[in-house]
Structures are given as structure tokens and as C-alpha cells.
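Each reported figure results from applying straightforward, stated rules to the coordinates on display, with no laboratory input. Small disclaimer: the values here were computed from a predicted structure and weren't measured. Cβ atoms come from the backbone with ideal geometry, glycine included; neighbour counts cover every protein chain shown.
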Amino acid sequence: RKWEECTRQEKLILWKLANGASINPANAVIIERLVRRGYLFRDKGWHIVNESFRQFILTAENEAVIGHWLDNASSGAWSVLRIPVFALLLVLLVIFVYSSGSSLNTLLSVATAALGLIPLLLKNLSLLKGGVTTDIE
């Protein structure tokens, strides 16, 4: 019954934790919900409440379902934005090189600034999308 009450993200986090993975701190909302329900506790790291529940989690879903969940979880904002971002950077690079001639120092500083903004943009997009990631460290 406990397993059926969990969302897909909660099930995935529980499954990964049951397999010995660490929990990503960015999933604080989901972790809090699992702690309130009594599924997790913290003692020098996160642990499933007992061994029998851990064994149940490992056998509750078949591997095909878990594989499908993992594939969906890994397709985040970067997989959606990768091609448009690189296309835009390439176009800007071509325009800049064409219009500025041979000012390599300026090109490198602009490229550094543009590449530095990518993680910030991805973080903001993931917050707008749902505010929670399912990545496990």
C-alpha cells in the first residue's frame, strides 16, 4: 500500500536509495514528503526505514518499468535545449567573426561569458519547469 501511494519521482528515489545510491539534495521537497510519511530517515545519510521495505522496493516494479522511469528522468532541460543553444552560439560566433575581423581576444571573452550563462539558464529553466530534479549524485 505504501508503494502505491508514492508518485513516480518518489518511487524512483526510493528505488535508487534501495540500490545504494545517494539522494540529490535538490530533491528536498520529495525527500521531505518521504520523511513525513515515514519511508526515510536520516542517520549519517538517508536510509530507508527498514530492510523489509528496502527489499520490497527492489522487487515492487520490474526492470523494464524502472528503466523507462530512468530514461524519462534523464531527459531534462538540457536534452531539449542542447541543439537550439549550440545553433544560436554558432550563428553568433559566425556573425561576430565576420563583423569583427581578427579580434580573437574579444571573441574569447564573449565566448567565455556565453558559456558561463548556460548553467544559469538551465537551472532557471528547471526551476520554472517543476522546481525539482530527480538526479541522484
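Can you return the lysines within cross-link range of K123? Criterion is Cα-Cα under 27 Å, with same-chain partners fewer than 8 residues away left out. Straight-line reach from K123, under 27 Å: K11, K16.
With neighbours defined as other Cβ atoms within 10 Å of a residue's Cβ, the residues F53, F96, F86 order from fewest to most as F86, F96, F53.
Per 0.36 nm of contour for each residue apart, how much would the distance between L117 and F86 grow if the chain were fully extended, relative to their Cα-Cα spacing? Intermediate values should be presented prior to the final figure.
Working: separation 31, 0.36 × 31 = 11.16 nm, distance 1.29 nm.
Extra length available between L117 and F86 comes to 9.9 nm.
A Förster distance of 30 Å, applied to the separation of the beta-carbon atoms of N50 and L128, puts the FRET efficiency at 0.20.
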